[in-house]
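The values are calculated or read from the model by the stated rules, or taken from the named source; none is laboratory data. Since the structure is predicted, the reported quantities are computational estimates derived from the model, not experimental observations. All Cβ positions, even for glycine, are placed from backbone atoms using ideal geometry, and neighbour counts span all protein chains on display. Surface areas here come from the heavy atoms of the whole protein model, side chains and all, with no ligands, DNA or RNA. Shrake-Rupley method; radii C 1.70, N 1.55, O 1.52, S 1.80 Å.
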Amino acid sequence: MRRFDLVDSQTASAYPGHVIVVAGDEVRTTGELAIRGQPHQGEAEPLETAIHQALLVRQRDALPIAVKDALGLWPPRLGELVPWTL
């Protein structure tokens, strides 16, 4: 099972990698990938697609991936979230 760092609004900007921002609702959970060092230009897409994109980007640059899930919508089947601190 994959492990992802969990960030919040305060720690996301300091995170040294990419961040998947979870949104939507329990019926349709979406994700938006914010790539570190690039202007924010992502758009909401199915959460699994955002995770796949993040893993492909990580293959290129080896930076870690975090999840920002203010609404608690992350399904446990997609991996474990471990709180990240500064």
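Some observations on this one:
- Normalised per residue, the accessible area of segment 30-86 is 63 Å², obtained with a 1.4 Å probe and no contribution from ligands, DNA or RNA.
- Cα centroids of segment 2-21 and segment 46-79: 10 Å apart.
- Computed [θ] at 222 nm, helices only, for the chain once each DSSP H run of length n ≥ 4 contributes -39500 (n - 2.57): -5500 deg cm²/dmol
- HN-Hα J in Hz across segment 62-79 - Karplus 6.51, -1.76, 1.60, θ = phi - 60°, x for Gly and Pro: 6, 7, x, 10, 10, 10, 10, 10, 5, 9, x, 9, 4, x, x, 5, 8, x
- Prolate/oblate/rounded label for segment 7-49 (Cα gyration tensor, a/c 1.5): oblate
- Amide proton proximity set for residue 4, modelled H, under 5 Å, gap of 5+: 80, 81, 82
- Contact order relative to length of the chain, as percent, for alpha carbon pairs under 8 angstrom and 6 or more apart: 46
- Phi angles of segment 10-15 translate, via the Karplus equation with coefficients 6.51, -1.76, 1.60 and θ = phi - 60°, into HN-Hα couplings of 7, 9, 4, 5, 8, 5 Hz per residue; Gly and Pro are given as x.
- Restricting the chain to GluC sites (Glu not before Pro) in coil, as DSSP defines it, with at most 15 other Cβ within 10 Å: 26, 43
- Using Cβ point charges alone (K and R +1, D and E -1), the dipole size of the chain about the Cα centre works out to roughly 300 debye.
- Backbone N within segment 50-74 under 13 Å of label point (7 Å from residue 26 Cα along the Cβ vector): 72-74
- Within the accessible area of segment 11-86 (1.4 Å probe), percent carbon and sulfur: 54
- (1) 41, 32, 23; (2) 40, 25, 21; (3) 32, 25, 24, with the label sought being that of the calculated Cα extents along the principal axes in Å: (3)
- Trypsin sites (Lys or Arg not before Pro) within segment 11-82: DSSP coil, no more than 16 neighbouring Cβ in 10 Å: 28, 36
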